[in-house]
Structure formats: structure tokens, C-alpha cells
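*Asks:* Have a look at the structure that comes next, please.
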Amino acid sequence: MAQRHLSLAPEARERIVRHAQASRSREACGVLLADARHGPEPGTELDVALRAIRVPNRAADRERSFLIHPIDLARVERVARAHDLRIIGTWHTHPHGAAEPSRADRAGAPDGWWQLVAGRSGGNIQLQAFWVEDGVWIPEALGTDPASCVALATPQRAGG
Ligand SMILES: [Zn+2]
């Protein structure tokens, strides 16, 4: 099976880093949205996250975990669909730790989705992407190729 890759649009990256910097005690979380008009780039298995949307963290212990409620997810999905976008995964922050999945993270992640973790390393925010398959979190280098993001964000014109 071809390896999956994730590229994050600069604006989405900035937004997640901002939330990670602001959430000093509680985890912030949200979803990653890609263009709904096509799947991964053919031959490359590249998913491009164009937007990062924040949703409320409904976990009981928000200092150490996050929970996206199905109702919140359904709401984002409706809005995303109206904008030709689809959910390809979630992101969340670790105010106290590294960008590595916790035991709760590993237990709660659905297969076939990206998981982006924003952790702290020294004073810096560090982003790490994981592709989840058969319950296994596979770390993936996070691309930030602005050209591919812009190309996908711009509607293709038919004809020529
Ligand atoms: Zn976590």
C-alpha cells in the first residue's frame, strides 16, 4: 500500500500553532479539512489540509485529553460540505507534553484519519502528523508545500 502524506496549508498551520500557544493548561482540538472534490493527489497519496477548524473540547479531563463530540463533528461536516470541503482528520494540542500520542489518543482515534498533535518542545510548538491505520499511529513528515496548497485551493477552470 502506498504511503500517505499530509501537507498543511500555511494558514492552517498558523492557526493550530496559535491555539497551541494560547492553550497553556487545557488541550485545544479541532478538525482538518481538505478539498472534497477529489481524494489524495493521484500517485502521491498526498492529502492537503487547507483549513484547521477549532471545535470545543468535551473531555472530562481537558488538561490531559480531548474529545470531539459527534454533534460538533456533524455540525462542522455540514458546513464543510457546503464549502466543498471534507474532514480528513483531527488536530489537538498538548499543553504539557511532546507531540506524541497519549494512551487515550491511541485508544480513541478512528482508522483512516490524520491525527495532528501540537506539542511543546522547550519553548517551541512542535507539530507531528500521524496516519492511523488498524489502530496504529504512523508518524509522517508534515509537508508545507505552499504551491500544492494554493493549486488545490484555486478552483480549476474547465476547457482552455
Ligand atoms: Zn493527545
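Any read-out appearing in this document is the output of simple, stated calculations on the displayed coordinates, not a laboratory observation. Since we're looking at a predicted model, the values are computed, not measured. When we count neighbours, we look across all protein chains shown, and the Cβ atoms used for this are built from the backbone with ideal geometry, even at glycine.
*Asks:* Does Pro110 satisfy the condition of being surrounded by fewer than 18 Cβ atoms within 10 Å (Cβ to Cβ), in contact with a strand residue (DSSP E or B) (Cβ under 6 Å, 6 or more places away or on another chain), free of Cβ contacts under 8 Å to residues at least 40 places away in the same chain and more than 17 Å from Leu50 (Cα to Cα)? Spell out how you get there, then give the answer.
*Replies:* On the way: surrounded by fewer than 18 Cβ atoms within 10 Å (Cβ to Cβ): yes; in contact with a strand residue (DSSP E or B) (Cβ under 6 Å, 6 or more places away or on another chain): no; free of Cβ contacts under 8 Å to residues at least 40 places away in the same chain: yes; more than 17 Å from Leu50 (Cα to Cα): yes.
Spelling it out, it is not the case that Pro110 is surrounded by fewer than 18 Cβ atoms within 10 Å (Cβ to Cβ), in contact with a strand residue (DSSP E or B) (Cβ under 6 Å, 6 or more places away or on another chain), free of Cβ contacts under 8 Å to residues at least 40 places away in the same chain and more than 17 Å from Leu50 (Cα to Cα).
*Asks:* For the stretch 55-81, which residues satisfy the criterion of being out of contact with any helix residue (DSSP H, G or I) (no Cβ under 6 Å at 6 or more places or on another chain) and either aliphatic (A, V, I, L, M) or under 11 Å from Leu33 (Cα atoms) (or both)?
*Replies:* Those that are out of contact with any helix residue (DSSP H, G or I) (no Cβ under 6 Å at 6 or more places or on another chain) and either aliphatic (A, V, I, L, M) or under 11 Å from Leu33 (Cα atoms) (or both): Ala59, Ala60, Leu67, Ile68, Ile71, Leu73, Ala74, Val76, Glu77, Val79, Ala80, Arg81.
*Asks:* Ok, one more. Return the residue satisfying two criteria in turn: it lies in the stretch 91-102 and is surrounded by fewer than 18 Cβ atoms within 10 Å (Cβ to Cβ) and near the ligand (Cβ under 9 Å from one of its atoms), and of such residues it is farthest from the chain's Cα centre (by Cα).
*Replies:* Gly97
*Asks:* Determine whether Arg58 is more than 17 Å from Val132 (Cα to Cα), surrounded by fewer than 19 Cβ atoms within 10 Å (Cβ to Cβ), in contact with an Asp or Glu (Cβ under 6 Å, 6 or more places away or on another chain) and not polar (S, T, N, Q).
*Replies:* So Arg58 does not fit the description; no.
For (1) within 13 Å of the ligand (Cβ to nearest atom); (2) more than 14 Å from Gly89 (Cα to Cα), each residue gets a yes or a no:
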residue: Ala109; (1), (2): yes, no
residue: Ser121; (1), (2): no, yes
residue: Trp131; (1), (2): no, no
residue: Ile138; (1), (2): no, no
residue: Ala141; (1), (2): no, yes
